[in-house]
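Working notes, beginning with the structure itself.
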Amino acid sequence: MSPSQPEETPSDDQKTLPETKGDGRSDPPGRDTREGDAKDGAPARGSRSGPAEKRLQGHWLLAKMGKRVLRPGGIELTRRVIAEADPTSEDRIVEFGPGVGRTAEILLAVEPRQYTGVDPKNSQGAPQLLEVLKAHPQARLQTADARQTGLPDACADLVVGEALLTMQSDQDKLAIMREAFRILAPGGRYAIHELGFRPDDVPEEVVAEVSRALSRTIKVGARPLTSANWQRLLREAGFEIDYADSNPMALLESKRLVSDEGLFGALRFGWNVLRNRAARERIRAMRAVFRKHRDNMNAVGFVARRPAA
């Protein structure tokens, strides 16, 4: 691992725990908007008429209903991937798109030397995230796009990003991966958890159909890849693959809800949805798409490494 970077005085875009709020605007291409753990990026406007629940991007809708874990493979896959990445108290950790801070809680449990969450401005997850970070003096937020973080070269030992790349074009996926590579010290690890297609030889027409259905339902462009193509992009960015994993895409199934949120959290989510007709209709439509295409969708996780030399 490389030595620590010198301490710097935070600039306006590099403040410790800034208080940011969503402003209702959708992010431009390449921003950290994704179907994940209540991720950064404000909800898309969509239609200006009707209740907000009909216009919100899928991840923000679920977060509004009280769901904290929105990773496609659930908290189970998140924990497996992070366990393989093996964060330690000596690590400088960077998380792309910390959202409401569910994964940050896991990463900060090891009391790393430093934690930096990279989030674009106006993150709707900021209030919950700040609650997680305020107990950790070594934690801060960097207001930036994941494609261009503004962080120094080789400043991190572990970079984590979940349900972020899926919503980007292949060009932006690669740009974010290359940014992770740049800020990692030699030998550093890059852990990701994303939405995938299966099997690896899934027909292109199925890919197109599922991508369109997802995008219509969650109201943000969805561009999953097969496991083989995720690994291809990681290698193109310069990484070596240490670990590959997968889990069913069961985001809105009862068993996964209880596993991710706990019994009380799952009941709270269900009650909130039950009381909100517009949200209920959207979430039922999302679940119908997930179920219809379950044979060709899964969640994938990888731990990649920047070569030591």
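Scan around GLY117 for amide H atoms under 5 Å from its own, H built in the peptide plane at 1.01 Å from N, and keep only partners 5 or more places away or cross-chain.
GLU95, ARG140, LEU141, GLN142
Take every DSSP beta bridge with both residues inside region 69-160 and express the antiparallel ones as a percent of the total, to the nearest 5.
5 percent
Take the alpha-carbon positions of region 219-309, form their convex hull, and give its projected area averaged over all directions (one quarter of the hull surface) in nm².
7.9 nm²
Relative contact order of region 212-305, please, whole-number percent, based on alpha carbon pairs below 8 angstrom and at least 6 residues apart.
47 percent
How big is region 139-202 along each principal axis, measuring the range of its Cα positions in Å and listing the largest first?
Projected onto its principal axes, the Cα set of region 139-202 covers 39, 25, 22 Å.
Region 248-292: which trypsin sites (Lys or Arg not before Pro) are DSSP loop and have at most 12 other beta-carbon atoms within 10 angstrom?
Those that pass, being in a loop and sparsely packed, are ARG275.
Note the direction-averaged projected area, equal to a quarter of the hull surface, for the Cα convex hull of region 146-290, in nm².
So the Cα hull casts an average projection of 10.2 nm².
Neighbour counts of other C-beta atoms within 10 Å: give me LEU251, LEU233, LEU263, LEU164 arranged from fewest to most.
Ordered from fewest to most neighbouring Cβ atoms within 10 Å, LEU251, LEU233, LEU263, LEU164 come out as LEU263, LEU233, LEU251, LEU164.
ARG305: net charge of surrounding residues, Cβ under 12 Å, Lys/Arg +1, Asp/Glu -1, itself excluded?
Summing Lys/Arg as +1 and Asp/Glu as -1 gives -2.
Loop only by DSSP, 13 or fewer other Cβ within 10 Å of the Cβ. Give me the GluC sites (Glu not before Pro) in region 83-122 that pass, ordered by residue number.
Listed in order of number, the matching sites are GLU90.
For a footprinting-style exposure proxy, rank HIS193, HIS293 by other Cβ within 10 Å, fewest first.
HIS293, HIS193
Could you work out the Rg to Rh ratio of region 62-161, with Rh taken as the Kirkwood radius (inverse of the mean 1/r over all Cα pairs)?
Expressed as Rg/Rh, it is 0.94.
If you bin the C-alpha pair distances of region 94-209 every 10 Å from 0, what whole percents do you get?
Pair shares across the bins are 13, 43, 29, 12, 3.
For q = 0.19, 0.21 Å⁻¹, what log10 I(q)/I(0) does region 189-240 give under the Debye formula with an equal point scatterer on each alpha carbon and no solvent?
Listed by q, the Debye log ratios stand at -0.71, -0.81.
All other residues with a Cβ under 11 Å from the Cβ of ARG232 taken together, and with Lys, Arg as +1 and Asp, Glu as -1, what is their net charge? Please list the in-between numbers first.
Working: positive: LYS173, ARG235; negative: ASP170, ASP200, GLU236.
Residues near ARG232 contribute -1 overall.
Sum up the charges of everything whose Cβ sits under 10 Å from the Cβ of ILE283, counting Lys and Arg as +1 and Asp and Glu as -1, but leave ILE283 out. All intermediate terms of the calculation are to be shown ahead of the outcome.
Values: positive: LYS67, ARG280, ARG282, ARG284, ARG287; negative: GLU53, GLU281.
Net of charged neighbours comes to +3.
If you take every DSSP beta bridge whose two residues both sit in region 157-309, what share of them, in percent to the nearest 5, is antiparallel?
In region 157-309, DSSP labels about 70 percent of beta bridges as antiparallel.
Taken together, the values in this text are just the output of simple stated rules run on the coordinates, not laboratory data. Fair warning: this is a prediction, and the values are worked out from it, not measured in the lab. Positions of Cβ are backbone-derived with ideal geometry, glycine not excepted, and every protein chain shown enters the neighbour counts.
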